[in-house]
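**Student:** Let me give you the structure first, and then I'll get to my questions.
The values are calculated or read from the model by the stated rules, or taken from the named source; none is laboratory data. Quick caveat: nothing in here was measured; it's all calculated off a predicted structure. Because the Cβ atoms are built from the backbone with ideal geometry, glycine has one as well, and the counts that use them run over all protein chains shown.
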Amino acid sequence: MEKMKTIFKKNPENMSLVTREKDPSCDWVFNGEGEPHRKYDGTCCMIKDYILYKRRTVKKNKKLPNDFIKMDYDPNTGKYFGWVPVVIAEDKFHMEAYERLTDKTNGTYELLGPKIQGNIEGFVKHKLINHKDTPIYIDIPLDFYGMREYLRPENIEGIVFHHPDGRKAKIRKTDFGLKR
């Protein structure tokens, strides 16, 4: 899984915010080619051939784990992005959610629950949600101001746009300086 692009360019003076300038690599979003899904505030996981993996970032000059599945590399930071298998002893919340999951279809998932990211989503038990099964939003304005105002009242982390060919791009409320 490649590091997901943000649909507007980052503000070089404050990288936690975006500018009004569209990221050209996300033109497909602005052309209406993406399906907007809810972005949950959890941690990304993957199921492949009934094995649960967690996302892992390996910093510059650090050894890649033997079981690391490399997905992306950032030449600017020297970081590798990829997956490592979940280990029962140290990843009990991942395993708790995985054991509860009835459909273990290959794909990416969001791990949510009481011990994940402060549980802003309010889940009572740990749960894996397939990214393809997240709520879809209709009629989202695709311009900077329209999208900011659309997100302002929503109690969500943001939106992920899914392209039919598998590409994804995101926008978060915090990218506009908005609080949840």
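**Student:** Across the range 107-126, what is the number of residues that are of a type in the set (Val, Ile, Thr) and without any contact (Cβ under 8 Å) to a residue 12 or more places away in the chain?
**Tutor:** Our first condition is that a residue be of a type in the set (Val, Ile, Thr); within the range 107-126, this holds for 108, 116, 120, 124.
The next check asks that each one be without any contact (Cβ under 8 Å) to a residue 12 or more places away in the chain; those that pass are 124.
The number of residues fulfilling the criteria is 1.
**Student:** Look at the range 5-51 and say how many of its residues are without any contact (Cβ under 8 Å) to a residue 40 or more places away in the chain, not polar (S, T, N, Q) and not in a strand (DSSP E or B).
**Tutor:** Matching residues across the range 5-51 total 4.
**Student:** Is it the case, given these coordinates, that residue 8 is buried (at least 16 other Cβ atoms within 10 Å of the Cβ), farther than 18 Å from residue 158 by Cα and not aliphatic (A, V, I, L, M)?
**Tutor:** Details: buried (at least 16 other Cβ atoms within 10 Å of the Cβ): yes; farther than 18 Å from residue 158 by Cα: no; not aliphatic (A, V, I, L, M): yes.
In short, no.
**Student:** Of all residues in the range 55-86, how many are out of contact with any strand residue (DSSP E or B) (no Cβ under 9 Å at 6 or more places or on another chain) and free of Cβ contacts under 8 Å to residues at least 12 places away in the same chain?
**Tutor:** From the range 55-86, those out of contact with any strand residue (DSSP E or B) (no Cβ under 9 Å at 6 or more places or on another chain) are 61, 63, 66, 75-78; that's our starting set.
Now restrict to residues that are free of Cβ contacts under 8 Å to residues at least 12 places away in the same chain: 63, 66, 75-76.
Looking only at that region, the number is 4.
**Student:** Among the residues of the range 11-34, how many are surrounded by 17 or more Cβ atoms within 10 Å (Cβ to Cβ), in contact with a Pro (Cβ under 9 Å, 6 or more places away or on another chain) and at pLDDT 95 or above?
**Tutor:** 1
**Student:** Right, another one. Take the conditions touching a residue at least 40 places away in the same chain (Cβ under 8 Å), assigned to a loop (DSSP other than H, G, I, E, B) and over 16 Å from the mean Cα position of the chain (by Cα) and apply them to residue 104. Does it pass? Reasoning before the result, please.
**Tutor:** Working: touching a residue at least 40 places away in the same chain (Cβ under 8 Å): yes; assigned to a loop (DSSP other than H, G, I, E, B): yes; over 16 Å from the mean Cα position of the chain (by Cα): yes.
Yes: the conditions hold for residue 104.
**Student:** To continue, here is another question. Which condition breaks for residue 60 when tested against (1) at pLDDT below 95; (2) under 26 Å from residue 26 (Cβ atoms); (3) out of contact with any helix residue (DSSP H, G or I) (no Cβ under 9 Å at 6 or more places or on another chain)?
**Tutor:** (2)
**Student:** Now, a different point. Report yes if some residue within the range 127-136 is without any contact (Cβ under 8 Å) to a residue 24 or more places away in the chain, of a type in the set (Asp, Glu) and surrounded by 12 or more Cβ atoms within 10 Å (Cβ to Cβ); otherwise report no.
**Tutor:** The initial filter retains those residues of the range 127-136 that are without any contact (Cβ under 8 Å) to a residue 24 or more places away in the chain, namely 133.
Imposing the further condition that a residue be of a type in the set (Asp, Glu) reduces the set to 133.
Filter again for surrounded by 12 or more Cβ atoms within 10 Å (Cβ to Cβ), leaving 133.
Checked against the condition, which is being without any contact (Cβ under 8 Å) to a residue 24 or more places away in the chain, of a type in the set (Asp, Glu) and surrounded by 12 or more Cβ atoms within 10 Å (Cβ to Cβ), the range 127-136 yields at least one hit.
**Student:** How many residues are surrounded by 15 or more Cβ atoms within 10 Å (Cβ to Cβ), assigned to a loop (DSSP other than H, G, I, E, B) and either outside the structural domain of residue 110 (by TED's automatic domain parsing) or of a type outside the set (Phe, Trp, Tyr) (or both) if we restrict to the range 61-97?
**Tutor:** Counting residues in the range 61-97 that are surrounded by 15 or more Cβ atoms within 10 Å (Cβ to Cβ), assigned to a loop (DSSP other than H, G, I, E, B) and either outside the structural domain of residue 110 (by TED's automatic domain parsing) or of a type outside the set (Phe, Trp, Tyr) (or both) gives 2.
**Student:** Name the single residue that is nearest to the chain's Cα centre (by Cα) among those in the range 137-180 being surrounded by fewer than 16 Cβ atoms within 10 Å (Cβ to Cβ) and of a type in the set (Gly, Ala, Ser).
**Tutor:** 166
**Student:** Tell me the residue from 52, 64 that is among the aliphatic types (A, V, I, L, M) and touching a Cys at 6+ places or on another chain (Cβ under 9 Å), please. Show your work before the answer.
**Tutor:** Working: 64 fails: touching a Cys at 6+ places or on another chain (Cβ under 9 Å).
Only one candidate passes the filter, namely 52.
**Student:** Additional query: Are any of the residues in the range 161-171 outside the structural domain of residue 97 (by TED's automatic domain parsing) and at positive phi?
**Tutor:** Narrowing the range 161-171 to residues outside the structural domain of residue 97 (by TED's automatic domain parsing): 161-171.
Add one more test, that the residue is at positive phi, and what stays is 166.
Within the range 161-171, one or more residues are outside the structural domain of residue 97 (by TED's automatic domain parsing) and at positive phi.
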